[in-house]
1. Using amide H atoms built in the peptide plane, which far-off residues or other-chain residues are under 5 Å from G131 H to H?
2. Which ³J(HN,Hα) values, rounded to whole Hz and listed in residue order, are derived for the stretch 189-206 from phi using the Karplus coefficients 6.51, -1.76 and 1.60 in 6.51 cos²θ - 1.76 cosθ + 1.60 with θ = phi - 60°, glycine and proline given as x?
3. Which entries in the list K21/K70; K76/K205; K116/K217; K76/K116; K67/K95 go over 21 Å, if you measure between the two C-alpha atoms of each?
4. Quick one: 3J(HN,Hα) in Hz for the stretch 58-67, Karplus 6.51/-1.76/1.60 with θ = phi - 60°, rounded, Gly and Pro as x.
5. Give the long-range amide H neighbours of Y154: residues separated by 5 or more places, or on another chain, with amide H under 5 Å away, using H modelled in the peptide plane at 1.01 Å from N.
6. Go through the stretch 217-234 residue by residue and turn each phi into a ³J(HN,Hα) via Karplus (6.51, -1.76, 1.60, θ = phi - 60°); whole Hz please, and just put x for glycine and proline.
7. Which peptide among 220-228, 208-216, 186-194, 108-116 comes first, and what is the full order, when sorted by highest mean count of other Cβ atoms within 10 Å?
8. Can you give me the Rg/Rh ratio for the chain, using Cα atoms for both radii and the Kirkwood formula for Rh?
Amino acid sequence: MKEFLMVLLLAGLPYYVFFEKKFSEKFFYVSFFLILVGLSLLWFFNLQCNYVCIFIALATSIFTTYKAIKTTNLYKLSYYFLFINSPVYFLFSIKYSVYFIISLLITSLGLFLIGKYYERNYGSPNFYGIGGLALQAPIAGLFLRIYLITLALYPPFPNAVLLFNSMLKSELDIVWYTVVVVFFFGNFFVAMRILTNTVFGKPNKNVFYIDFNVREKLIHTLLNITLLVIGIYGLKEVLQ
């Protein structure tokens with residue numbers, strides 16, 4: 001029963017299909033909260049899930065990657081990344097993967113807030129047609145670039161370092177390595193697609209670009225400082 005609840009909360013195949021239209025952008029908060037509840041229960045009960053959990057999480061990851069490739073909505077992408085990485089919740093002991101998961105939640109929150117910036121300034125959280133942030137809105141482009149590179153699992157950014165650290169401390173067999181490869185490339189392709197089209201894409205001459213305001217700069221700076229601290233800790237653990 002506990003394992004079923006964990007799978008439902010962390011990789012229920014996947015519940016956003018039924019609820020994302022109802023909650024719209026607020027579904028990020030719903031997903032964020034439910035995943036925190038699932039991870040808290042996983043930590044509290046110290047559960048070790050079997051291969052059934054792993055394969056359900058892998059199916060969720062593959063299906064979500066497909067959904068993420070088809071969307072241009074940054075709100076949806078922010079919680080899609082939470083489910084693309086769902087195998088991590090079951091592959092490794094929670095005491096080893098907790099820092100990776102915290103980094104993932106922070107990075108997804110940052111991507112969601114970028115969606116808020118898009119909606120406020122360009123009328124929609126869709127990045128299609130609003131490219132070239134690196135030149136037209138360099139501060140927003142910088143932070144979006146950091147989030148996407150982190151989500152793409154590029155070393156030495158925090159998610160990659162912390163995932164590698166979790167792998168070093170866990171005993172994995174060939175099936176588990178196969179799962180890691182699948183969701184790794186899911187993260188990579190989705191993040192690089194957005195990076196190419198949005199940060200380095202061709203600017204839209206019909207759009208008046210507006211960069212981050214002071215409040216947005218402060219919020220994203222704090223998020224990135226937190227990611228940096230977690231990343232340094234993870235790198236220290238790897239080098240030990």
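1. The answer is N204.
2. 5, 5, 5, 5, 4, 5, 4, 5, 7, 9, 6, 10, x, 6, x, 8, 5, 8
3. Numbers: K21/K70 16 Å; K76/K205 26 Å; K116/K217 13 Å; K76/K116 12 Å; K67/K95 30 Å.
Correct reply: K76/K205; K67/K95.
4. Couplings: 5, 4, 4, 4, 5, 4, 5, 4, 4, 5 Hz.
5. A160
6. With the stated coefficients, the stretch 217-234 comes to 4, 5, 4, 6, 5, 5, 4, 6, 5, 4, 4, 5, 4, 5, x, 5, 4, x Hz.
7. On the way: 220-228: 15.9, 208-216: 13.4, 186-194: 20.2, 108-116: 22.1.
The most tightly packed comes first, giving 108-116, 186-194, 220-228, 208-216.
8. Numbers: Rg = 17.5 Å, Rh = 18.1 Å.
Ratio value, two decimals: 0.97.
Throughout, read-outs are computed from the coordinates displayed, never taken from laboratory work. Here the structure is a predicted model, which is why all the values come from computation and not from measurement. With ideal geometry, Cβ positions are generated from the backbone for all residues, glycine too; neighbour counts draw on all protein chains shown.
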